[in-house]
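The structure under discussion appears below in the form of structure tokens.
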Amino acid sequence: FGSSYKYIIEQTIFSFPQTMAVKDLENCRADSASTEGLSSSDISVDSEKPTNKNPEAVEEESLPPQRLVLAVMITMVQGYTLVGPLQHYFKVRMGIADTGDVAHVFTQAAALVQWGKFAMTLGQNVVLSFLSPLERVYLAWAGMFLGCLVPPFLVYALGSTWLGWVFISFGLIGLSLGIFECTFLNVITPLGPLTKSWAIMGFPGAFAIVNVIGMTLVSFGLPVEALFWYIVACLPIGFGIFVTKFVPQLRGPRTPSNPASEEDREETTTTAPRNTNNKQAMVWRSIQQCQKWLPVLLPFMFANIIGHFVMEGALPANFNTFNSKQAPLFSRYAESHLMKTSRFFVVFFLFVGLGDMISRRVGYCFRLSTYPANLVALALGILCSVFGMYLTTIGVGLAAWASAFFAFWGQGFNYAVASKYIDKYIPRDHNLAAYSFWMFAGSAGAIAGSTTVDALRYWICHDETYPHLCLTHGHH
């Protein structure tokens, strides 16, 4: 960092007020100030100049935001929310208790979401290499629809309690999400960073709609199966918006100056048959040329591991800790200042959504013109995630809300920093491979975090029980 230290400080700290002092977040165009008056050839790798930027990224920065992509992303990601509170309702409808052998089988079946996501985030580049990225998005949409249809139709409507439906439902959701997330972000890259900044808010947006608004309505009497049907109904709507609004833009006409050669067709896969802006190297070619993109991506992968580890460890640990009918807000020994646990978690998920969603927008407002500046930003995000994990161990309601905000702020912020960096600085023909490896690392962190839930609960409870905390058997 030696000769870059002064530049890092100026870009990441002293320029922060100037960067944030905008009337609208849409004015946070990536590095607009640092590239003003420069052509792509003027931008070189130098400790005193911005990092070398993709020529395509320079052009894409001027594209206007297409906010409707947020709705598209939300409709798909809402299927992922079945791993949250809806998972418990699914289990109850199947007639499965919270303990016992069958309950353990259900838990393992639900874990297929993470395993499926883990496998297909990277594996799709091999097993689905015969499909273009756009075709993989279509396939993921179909799989998510079928997986989400199982609970409301086969279990709630038809009354089936066959345990195999759990494996089918969660398996399809996990595999589809693993295919969709990195591929969709790659597919919409030519639409520009401002559109991408709206798309990445789909995850916190979806969880806020289902876990905050939806569960609040359920607490006031809405049948929970209506929430399952809502998720299913949204999927074809989102697909229709994507196909009619965005796909035509991604199928730019071929021009005589940019024809597709036979070599291109053999060694690259395109977002769509006529797309000339987003050619992707086949995975074996990206691996052969990994020295061009993988070493610089490693810190982003490490940050993604930490962020997902905290999310998948701290979130379930809170459910296993605040397991009485009421949750203490100020002291684990308190018999007063209590809140109904169901409402406590509605507020909890509100803080999750706020931390995750706001940080993803803020991440696109930072002017990170050098590689060291990106590393500083990643470190800040990791610190927020770790601080959120620490707050979880306090075992008090207010601290749990703060832990949700900071843990998801750290992950959301680093998600934005990484996606912005990949689009701007990773060679464009390796964009999909970079997203795949980055998200594969995150999925590994999520699986590791899910295995530490019991250990984290021990750090909170220390094998003790309290009036409304750390009960041996939950009552809500």
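The values are calculated or read from the model by the stated rules, or taken from the named source; none is laboratory data. Bear in mind that the values here come from a model prediction, so they are computed numbers and not experimental data. Note that each Cβ is placed from the backbone with ideal geometry, even for glycine, and that neighbours are counted across all protein chains shown. Protein only, heavy atoms only, side chains kept; ligands, DNA and RNA dropped before computing areas. Shrake-Rupley method; radii C 1.70, N 1.55, O 1.52, S 1.80 Å.
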Checking Val150 against (1) in contact with a Phe, Trp or Tyr (Cβ under 8 Å, 6 or more places away or on another chain); (2) modelled with pLDDT under 95, which single condition isn't satisfied?
(2)
Single residue of segment 57-105 satisfying the filter (among the aromatic types (Phe, Trp, Tyr) and farther than 18 Å from Phe242 by Cβ) that is most open to solvent (accessible area, probe 1.4 Å)
Tyr89
From Lys424, Lys420, grab the single residue that is over 18 Å from the mean Cα position of the chain (by Cα), part of a helix (DSSP H, G or I) and among the basic types (Lys, Arg).
Lys424
Answer yes or no as to whether Phe184 is at pLDDT 95 or above, open to solvent by 50 Å² or more (accessible area, probe 1.4 Å) and closer than 30 Å to Asn414 by Cα.
no
Out of all the residues in segment 211-228, is one or more β-branched (Val, Ile, Thr), in a helix (DSSP H, G or I) and open to solvent by less than 10 Å² (accessible area, probe 1.4 Å)?
no
Residue check, Arg67 touching a residue at least 24 places away in the same chain (Cβ under 8 Å), of a type in the set (D, E, K, R) and over 28 Å from Pro427 (Cα atoms)
no
Restrict the check to segment 394-406 and report whether at least one residue is out of contact with any helix residue (DSSP H, G or I) (no Cβ under 9 Å at 6 or more places or on another chain) and either on the phi < 0 side of the Ramachandran plot or surrounded by fewer than 23 Cβ atoms within 10 Å (Cβ to Cβ) (or both).
yes
Looking at this structure, is Phe319 modelled with pLDDT of 75 or more, more than 25 Å from Ala416 (Cα to Cα) and either in contact with a Pro (Cβ under 6 Å, 6 or more places away or on another chain) or surrounded by fewer than 20 Cβ atoms within 10 Å (Cβ to Cβ) (or both)?
yes
Being part of a helix (DSSP H, G or I) and either closer than 15 Å to Thr161 by Cα or of a type in the set (D, E, K, R) (or both) is the filter here; which residues of segment 91-113 pass it?
Lys91, Val92, Arg93, Asp101, Val102, Ala103, Val105, Phe106, Ala109
Could we say that Gly388 is modelled with pLDDT under 90, surrounded by 24 or more Cβ atoms within 10 Å (Cβ to Cβ) and in a helix (DSSP H, G or I) here?
no
Condition test on Ala434, is it open to solvent by less than 10 Å² (accessible area, probe 1.4 Å) and in contact with a Lys or Arg (Cβ under 6 Å, 6 or more places away or on another chain)?
no
Any hit, segment 21-35, residues being open to solvent by less than 40 Å² (accessible area, probe 1.4 Å) and at pLDDT 50 or above
yes
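For segment 172-190, indicate whether the set of residues that are more than 28 Å from Val362 (Cα to Cα) and without any contact (Cβ under 8 Å) to a residue 60 or more places away in the chain is non-empty. Quick ask: steps written out before the conclusion?
Of all residues in segment 172-190, those more than 28 Å from Val362 (Cα to Cα) come to 172-176.
With without any contact (Cβ under 8 Å) to a residue 60 or more places away in the chain added as a condition, the list becomes 172, 175.
Checking segment 172-190: at least one residue is more than 28 Å from Val362 (Cα to Cα) and without any contact (Cβ under 8 Å) to a residue 60 or more places away in the chain.
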